[in-house]
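Contents: one structure, followed by commentary.
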Amino acid sequence: MAGLKKARRLTDPADQAPHRPLRSFGRIRGRALKPRQADLITTLLPRLAIPPGALDPRQLAPGAREIWLEIGFGGGEHLAGQAARNPDLLLLGAEPFVNGLGSALRHIAENDLANVRLHAGDARELLAALPDASICRVFILFPDPWPKARHQKRRLVQPALAREIARVLSPGGTLRIATDWADYADQCLRVITATPGLVWTAECANDWRSPPADHISTRYELKRLGDCAPIFLEFARL
Ligand SMILES: C[S@@+](CC[C@H](N)C(=O)[O-])C[C@H]1O[C@@H](n2cnc3c(N)ncnc32)[C@H](O)[C@@H]1O
């Protein structure tokens, strides 16, 4: 039984493809989608989907003042909330979890948002397709914690991801990471501050203990599943 489980793990195509990073997300499908969400996946997602391959995101919204990216937007509360607050910006979002996509599409449709585009997959594919210095803000809110020691190599925030974020951020751009797992916050600080071009902007404890003024709470954040209060880390691209 253990052998079978191991064989399944080893044949996970996401882990086997050459040069691909380890899979950082859990399941990509949960319970059956509600009919409205299933319908939006069929009808709205194709219209909002970011085309595959090399991408100049300005061509997706030529008039946009800035382009922001949310990695792992889950149910899309933050992505849709920021898009509604900032109609002059383009919001890109990446998320492989189909139920999250369904929920985000519902928020987008209900609020009639015209400034969101989605990648229904691994954010690392989208990052690789983006040109240097093309994004003003990146958000990673409550990434999968993978708390067991043997799973921690699956954590999303790793040096390679940090280098890619530094590459796509424009000078003066920012990266926000939030987590409620203390050792993941430590890992993020270690990884990001070791990345050339990125610096931590906190000046006092309140800067990481209190939600930033423009933060929009997420579904995962409200579940309070971590081992500490939410920590908000803000980094700037030099
Ligand atoms: C713990 S959930 C948090 C979701 C949301 N940010 C929130 O706070 O409610 C982490 C999310 O990140 C997504 N995720 C993990 N790895 C990812 C990757 N490489 N690219 C895009 N999304 C990813 C997962 O599918 C999951 O929905």
Practice prompt. State all residues of region 143-162 that are surrounded by 12 or more Cβ atoms within 10 Å (Cβ to Cβ) and not in a helix (DSSP H, G or I); if no residue qualifies, say none.
Written response: P143, D144, P145, W146, P147, R155, L156, V157, Q158
Practice prompt. Name the one entry in T195, T174, T201 that is under 23 Å from E66 (Cβ atoms), out of contact with any Pro (no Cβ under 9 Å at 6 or more places or on another chain) and free of Cβ contacts under 8 Å to residues at least 40 places away in the same chain.
Written response: T201
Worksheet entry | Filter pass, E221 being acidic (D, E), within 14 Å of the ligand (Cβ to nearest atom) and either within 19 Å of the chain's Cα centre (by Cα) or in a loop (DSSP other than H, G, I, E, B) (or both) | yes
Worksheet item: Just to be sure, is L189 in a loop (DSSP other than H, G, I, E, B), touching a residue at least 24 places away in the same chain (Cβ under 8 Å) and either touching a Pro at 6+ places or on another chain (Cβ under 6 Å) or over 18 Å from E95 (Cβ atoms) (or both)?
Response: no
Worksheet item: Restricting the search to region 179-230, which residues are at positive phi and open to solvent by 30 Å² or more (accessible area, probe 1.4 Å)?
Response: R224
Response to the item:
Of the candidates A133, A236, A166, the one satisfying the condition of being open to solvent by less than 70 Å² (accessible area, probe 1.4 Å), part of a loop (DSSP other than H, G, I, E, B) and within 24 Å of Q82 (Cα to Cα) is A133
Practice prompt. Within region 64-75, identify whether any single residue is open to solvent by 90 Å² or more (accessible area, probe 1.4 Å), modelled with pLDDT of 95 or more and under 20 Å from L130 (Cβ atoms), and answer yes or no.
Written response: yes
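Matching residues to (1) part of a loop (DSSP other than H, G, I, E, B); (2) within 16 Å of the ligand (Cβ to nearest atom):
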position: E203; (1), (2): yes, no
position: N206; (1), (2): no, no
position: A213; (1), (2): yes, no
position: I216; (1), (2): yes, yes
position: G226; (1), (2): yes, yes
position: A229; (1), (2): yes, yes
Worksheet item: Mind checking whether some residue in region 81-89 is under 22 Å from P212 (Cα atoms) and within 14 Å of the ligand (Cβ to nearest atom)?
Response: yes
Practice prompt. Working only within region 123-147, note down all residues that are away from the ligand (no atom under 11 Å from the Cβ), modelled with pLDDT of 95 or more and more than 14 Å from R237 (Cβ to Cβ).
Written response: A128, A129, P131
Item to complete: Go through L33, L44, L4 for me and flag whichever is modelled with pLDDT of 95 or more, more than 20 Å from the chain's Cα centre (by Cα) and over 22 Å from R124 (Cβ atoms).
Response: L44
Worksheet, complete the sentence: Across region 27-63, the tally of residues that are open to solvent by 30 Å² or more (accessible area, probe 1.4 Å) and within 16 Å of the ligand (Cβ to nearest atom) stands at 8
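The values are calculated or read from the model by the stated rules, or taken from the named source; none is laboratory data. Remember, it's a predicted structure, so these values are computed and weren't measured experimentally. With ideal geometry, Cβ positions are generated from the backbone for all residues, glycine too; neighbour counts draw on all protein chains shown. Protein only, heavy atoms only, side chains kept; ligands, DNA and RNA dropped before computing areas. Shrake-Rupley method; radii C 1.70, N 1.55, O 1.52, S 1.80 Å.
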